[in-house]
């Protein structure tokens, strides 16, 4: 049985103070991005300064500026590297279609991937949640917001089309209405996971297996509730 500690979750993975080992390997740029992601996820774009990021990494502010330019450019680079890991929904839908799975099975896979991501990609989920809110109110990042909203709308329409193809969403008059219901339900789950399930897991569980069991139970409960809505 795997009883490895659940250290990759959230703040439990943060390195001790001092110069990070990655710097000894010449990976300054990677260390800056990872540190910036964590700080942006916890405090937000406006509350994090370049000097704060530099201090955490153990380099001068000029080093951060040398690699990325102004703070906005650094944020955009963090976003560009975080988005692909989090936004895998379209790939999961395509793979599920190819494997002749049901829409609900695709949703189960999607939620499991998203919920277990903190184990291997710390702060990715938190960063993307905060990014959606911040880009909606920051005109300098408005293009990111428009692209993100467009991606989400396209994803939920594809999921609705898939569900109507399998017959699971036939109670809805069209794809648009089905997509609206799916979006409301899944965004609710994501919000619950980000603000309740994940913090609770960090506090309560010592091992990865315990966390996975909790997440699996929560997903199954959600699936049952969603089935009641769409049937």
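The values are calculated or read from the model by the stated rules, or taken from the named source; none is laboratory data. Fair warning: this is a prediction, and the values are worked out from it, not measured in the lab. Glycine also receives a Cβ, built like all others from the backbone with ideal geometry; neighbour counts cover every protein chain displayed.
Scanning the stretch 89-103 for residues that are surrounded by fewer than 17 Cβ atoms within 10 Å (Cβ to Cβ) and either part of a helix (DSSP H, G or I) or in contact with a helix residue (DSSP H, G or I) (Cβ under 7 Å, 6 or more places away or on another chain) (or both) returns 90, 91, 94, 95, 97, 98, 102.
Look at (1) over 26 Å from residue 214 (Cβ atoms); (2) surrounded by 14 or more Cβ atoms within 10 Å (Cβ to Cβ) and you find that residue 129 fails only one, number (1). Give the stretch 75-87 a look and list any residue that's surrounded by fewer than 16 Cβ atoms within 10 Å (Cβ to Cβ) and touching a helix residue (DSSP H, G or I) at 6+ places or on another chain (Cβ under 7 Å), or say none. If the condition is that a residue be surrounded by fewer than 16 Cβ atoms within 10 Å (Cβ to Cβ) and touching a helix residue (DSSP H, G or I) at 6+ places or on another chain (Cβ under 7 Å), then 81, 85, 87 are the ones that fit.
Residue 204 passes every criterion in (1) modelled with pLDDT under 90; (2) over 27 Å from residue 43 (Cβ atoms); (3) over 17 Å from the mean Cα position of the chain (by Cα) apart from (2). Conditions: (1) modelled with pLDDT under 90; (2) surrounded by 12 or more Cβ atoms within 10 Å (Cβ to Cβ). Residue 191 meets all but one. Number of the miss? Condition (2) is where residue 191 drops out.
On the given criteria, is residue 133 out of contact with any helix residue (DSSP H, G or I) (no Cβ under 9 Å at 6 or more places or on another chain) and in a helix (DSSP H, G or I)?
Taking the combined requirement at face value, the residue satisfies it.
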